[in-house]
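Only one structure is covered here, and it is reproduced in the block below.
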Amino acid sequence: MLVDEPGDPAWNMSVDGALLAVGAAPTLRLYGWRPHAVSLGYFQSLSSFADLPDGTVVVRRATGGGAIHHGDELTYALAVDADLLPKDLAESYRLLHDAIQRALGRIGVACRRATEGRLSARPDDPWCFSHPVQGDLVTDRGKLCGSAQRRAASPRPRVLHHGSLVLRRPALTPFVAAVEDQVEPSADVQRRLRRAVADEIGDALGMSPEPGALSAQERAVASELLRDVFGAAAHLRRR
């Protein structure tokens, strides 16, 4: 398990990309964003977000789905060999979202897994949190947790699961639900939430989380991805 301080958006994406590409052990990474930023889903067009306020930092994720304004939130990235998660995409989301639901309950935040609505987001939905779909974690206020996956076939079958858990409502997406609707996300509450997320995802996978650090290889690959991919303007403008 990696618990990182809020960090540079392009570096965040580069580390997650390295964990997907060369991670040797199942890894859960918990982190935040400084500065706050918008991440585009892998298949989204940058031109669709031409109206973002001046100065908004934008990166492109390795995972799909809609754009997310990453403000005060807990982001989790799970990088594992594919055989640790159900082959069915919807089942893998349910497994992990149920774990997040239990973790939220441990800090006094009630939510539910959506069982109605569309099976997947519409291609023209620009924002991940704008329209909950089946399996999303929601409250009466809106969508509380957004997730997306990337599955890689080589060098061995691997999965990267990104999740965004909103602590305080971001300015660009006022339609989202947030932890602050039910509990003040103080430093202690955030610490307890990180512990709960690690415990519950570990239980769901039949594992016990242990503190870890990036390996030398993972850090080297992350640096390469920062230079050549996630920190490169060409990658952001590829669509």
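Could you give the length gained on full extension between R34 and R102, defined as 0.36 nm per residue of separation minus the Cα-Cα distance, in nm?
Length difference between fully extended and current span is 21.7 nm.
Tell me which residues come under 5 Å, amide H to amide H, from V3 once H is placed; ignore anything under 5 positions away on its chain.
Result for V3 returns L30, G212.
Which of A77, A204, A50 ends up with the largest GNM mean-square fluctuation for the chain, with Cα atoms connected below 10 Å?
Taking springs between Cα atoms under 10 Å, the residue moving most is A50.
Whole-Hz Karplus ³J(HN,Hα) for segment 176-185, in order, using 6.51 cos²θ - 1.76 cosθ + 1.60 and θ = phi - 60°, x for Gly and Pro?
Listing the rounded values in order: 7, 7, 8, 3, 4, 5, 10, 9, 5, x Hz.
How long is the gain from T115 to V22 if the chain were fully straight, where each residue apart is worth 0.36 nm and the alpha carbon distance is subtracted?
Length gained between T115 and V22: 29.9 nm.
Calculate I(q)/I(0) for segment 1-70 by the Debye formula, one identical point scatterer on each C-alpha and no solvent, and give its log10 at q = 0.12, 0.13, 0.19 Å⁻¹ to two decimals.
-0.34, -0.40, -0.79
So what is the calculated 222 nm ellipticity per residue for the chain, using -39500 (n - 2.57) for each DSSP H run with n of 4 or more, over all residues, to the nearest 500 deg cm²/dmol?
Dividing the helical sum by the residues of the chain leaves -8500 deg cm²/dmol.
How large is Rg over Rh for segment 33-159, taking Rg from the Cα atoms and Rh as the Kirkwood inverse mean of 1/r across Cα pairs?
We get a ratio of 0.96 for segment 33-159.
Got the relative contact order for the chain handy, in percent, Cα pairs under 8 Å and 6 or more residues apart?
Computed value for the chain: 27 percent relative contact order.
Calculate, in whole percent, how much of the Cα-Cα pair population of segment 37-96 lies beyond 13 Å.
Result: 70 percent of Cα pairs exceed 13 Å.
Going 7 Å from the Cα of E210 in the Cα-to-Cβ direction, what parts of segment 1-21 have a backbone nitrogen less than 12 Å from that spot?
Output list for this probe position: 1.
By accessible area of protein heavy atoms, probe 1.4 Å, what ranking do F43, F49, F175 get, highest first?
Largest accessible area first, the list is F43, F175, F49.
Under 8 Å for C-alpha pairs, at least 6 residues apart: give me the relative contact order for segment 157-239, rounded to a whole percent.
Across segment 157-239, relative contact order equals 12 percent.
Which residues' amide hydrogens lie under 5 Å from the amide hydrogen of H70, considering only partners 5 or more residues apart or on another chain, with H built in the peptide plane?
The answer is A37, V38, S39.
More than 31 angstrom separation, counting every C-alpha pair in the chain; what % is that?
The proportion of pairs with Cα distances above 31 Å equals 15 percent.
In the Gaussian network model of the chain, springs joining C-alpha atoms below 10 Å, which of L89, L165, L193 carries the largest mean-square fluctuation?
Result: L89 has the largest fluctuation of those listed.
Binning at 10 Å from 0, report for segment 178-239 what percent of all alpha-carbon pair distances ends up in each bin.
18, 22, 27, 31, 1
Run the simple label-point estimate for A82 and L52 please: 7 Å along Cα→C-beta, distance reported in nm.
In this crude spin-label approximation the distance works out to 3.1 nm.
Could you calculate, for segment 111-221, the ratio of the Cα radius of gyration to the Kirkwood radius, expressed as Rg to Rh?
Here the Rg-to-Rh quotient is 1.00.
The values are calculated or read from the model by the stated rules, or taken from the named source; none is laboratory data. Keep in mind it's a predicted model, so treat the numbers as computed, not measured. Counting neighbours? That spans all protein chains shown, and the Cβs are built from the backbone with ideal geometry, glycine included. Calculation scope for accessible area: heavy atoms of the full protein, side chains included, ligands and nucleic acids excluded. Shrake-Rupley method; radii C 1.70, N 1.55, O 1.52, S 1.80 Å.
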